[in-house]
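Below: the structure, in structure tokens.
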Amino acid sequence: MDLVSMGFLKVLLVAVYALDPYFSHAETAPNYSFVHESTTAPPVSYHDYIVVGGGTAGCPLAATLSETANVLVLERGGSPYRNPGKTDKGNFLLTLLDPSPDSYAQIFITEDGVYNHLARVLGGGTVINAGFYSHAETEFVKESGLDEALVNDAYQWVENKVVFKAPLLQWQTAVRDGLLEAGVLPYNGFTNEHINGTKIGSTIFDMNDHRHSAADLLEYADPKNIIVYLHATVTKILFTTQTVGSRPRAIGVIYEDAMGEKHTAYLTNDSKSEIIVSAGAIGSSKLLMLSGIGPRSQLEPLGIKVVIDQPMVGQGMADNTLNGVFIPSPNPVELSLLSTVGISLLVNYIEAGSGLNLAPSFGWISKFLLSILDQVFTCNFIPLH
């Protein structure tokens, strides 16, 4: 196999293992009258809150804020409801591997050669990941000084809309038994709590294998107080200072629509107005640095005016390490993503799926890839974080 072929195979295997245990297409697409293409946006607009990134955090946050304020959401991707069924459970790998310009997952390669993906769709990572749902550790909530009752209410708010009990069929039962036999203890049964041992969790796939994402949570929004623009790429946060020597204050953003036209959204004069950057760890850091917030040593050589010298912005990033076992099967295997998970005291995670279809259904898989997979159409995988 030549080097080009090996490269394609590496992309496939990395993508198979790139499963986020946290995190869209609902069975019936909601009628969002407030979602529009950014090409229809006015040149200038004013809002109480501007949310940059309509993903896992941005959608529920915007929905909540719209109860009492005027909210603008700017999402660089498109709608997850455009292609019904594309994000169903059986198409998980096809959606994740889609290299088309308007795909929900944007493939990128880090400077040290690691393949990964960024979500590029309303709903964010919940549209492209493996759909496992779990709570943060109880101790984390306490140590963070958060209101535990309020946190639990928030969990319930999400679970009522997009969370379902994960099925425990033959493959996932075997995974559970294997984890227990290997000593990943105790057995915690079904729980959404993040605790050590082996457990059965929840999923954002419903009983018909349709995905439900953070975008579904926009059904909670007040349509009179919110507007969402798709294919709206924010390129810069605007700042001002009220007096000489005062700390800069964000007052608006510049964003581009799909045609490359620029628009400006400003905050209103309300003292509580805010720009909320929820574009993911990478996207948020990138936007801050492009806007002049970051390490002076990196911004100045690029000709970016330093607004605030923050040496740690964009630094020290690392994804979870992962090893995996990929098991091709010549015969059909039941379809499952993540239901059973093993969590060790060393904060390692063991999870598994089965029966994912690698045959093309959207017409974009290359002939080369098919030449590798022509005898293998289903697979089991066991990623070890």
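Couple of notes before you dig in:
- Residue within the range 281-301 that is part of a strand (DSSP E or B), among the β-branched types (Val, Ile, Thr) and either in contact with a helix residue (DSSP H, G or I) (Cβ under 7 Å, 6 or more places away or on another chain) or surrounded by fewer than 18 Cβ atoms within 10 Å (Cβ to Cβ) (or both) present: no
- Filter result (open to solvent by less than 40 Å² (accessible area, probe 1.4 Å) and either assigned to a loop (DSSP other than H, G, I, E, B) or in contact with a helix residue (DSSP H, G or I) (Cβ under 6 Å, 6 or more places away or on another chain) (or both)) within the range 247-256: PRO248
- Filter result for GLY55 (in contact with a helix residue (DSSP H, G or I) (Cβ under 6 Å, 6 or more places away or on another chain) and surrounded by 19 or more Cβ atoms within 10 Å (Cβ to Cβ)): yes
- Restricting attention to the range 105-145, the residues that are aromatic (Phe, Trp, Tyr), within 25 Å of PRO80 (Cβ to Cβ) and surrounded by fewer than 16 Cβ atoms within 10 Å (Cβ to Cβ) add up to 1.
- Screening VAL175, VAL158 for residues that are β-branched (Val, Ile, Thr) and over 30 Å from PHE34 (Cβ atoms) leaves exactly one candidate, VAL175.
- Qualifying positions in the range 221-244 - open to solvent by less than 80 Å² (accessible area, probe 1.4 Å) and not aliphatic (A, V, I, L, M): ASP222, PRO223, ASN225, TYR229, HIS231, THR233, THR235, PHE239, THR240, THR241
- Taking the range 79-197 and the helices (runs of 4 or more DSSP H) fully enclosed by it, the elements with 3 or more residues that are at pLDDT 90 or above and more than 17 Å from the chain's Cα centre (by Cα) are at 138-143, 148-162, 170-181.
- Residue, surrounded by the fewest Cβ atoms within 10 Å (Cβ to Cβ), within the range 188-219, restricted to residues that are among the hydroxyl-bearing types (Ser, Thr, Tyr) and touching a helix residue (DSSP H, G or I) at 6+ places or on another chain (Cβ under 6 Å): THR198
- The range 74-93 residues that are closer than 16 Å to LEU337 by Cα and open to solvent by 30 Å² or more (accessible area, probe 1.4 Å), paired with ones that are assigned to a loop (DSSP other than H, G, I, E, B) and among the basic types (Lys, Arg) (beta carbon under 9 Å, 6 or more apart): none
- Residue check, THR240 more than 13 Å from ASP48 (Cα to Cα) and out of contact with any Ser or Thr (no Cβ under 6 Å at 6 or more places or on another chain): yes
- Across the range 302-325, the qualifying residues are those that are in a strand (DSSP E or B) and open to solvent by 50 Å² or more (accessible area, probe 1.4 Å), and the one among them that is nearest to ALA214 (Cα to Cα) is ASN323.
- Hey, GLY342 more than 25 Å from ALA214 (Cβ to Cβ), at pLDDT 90 or above and either of a type outside the set (Asp, Glu) or open to solvent by 70 Å² or more (accessible area, probe 1.4 Å) (or both) or not: yes
- Number of residues in the range 257-271 that are under 22 Å from the mean Cα position of the chain (by Cα) and either modelled with pLDDT under 95 or surrounded by fewer than 18 Cβ atoms within 10 Å (Cβ to Cβ) (or both): the value is 1.
The values are calculated or read from the model by the stated rules, or taken from the named source; none is laboratory data. Every value quoted in this text rests on a predicted model; they were computed, and no experiment measured them. When we count neighbours, we look across all protein chains shown, and the Cβ atoms used for this are built from the backbone with ideal geometry, even at glycine. Areas reflect the complete protein model, heavy atoms only, side chains present, ligands, DNA and RNA absent. Shrake-Rupley method; radii C 1.70, N 1.55, O 1.52, S 1.80 Å.
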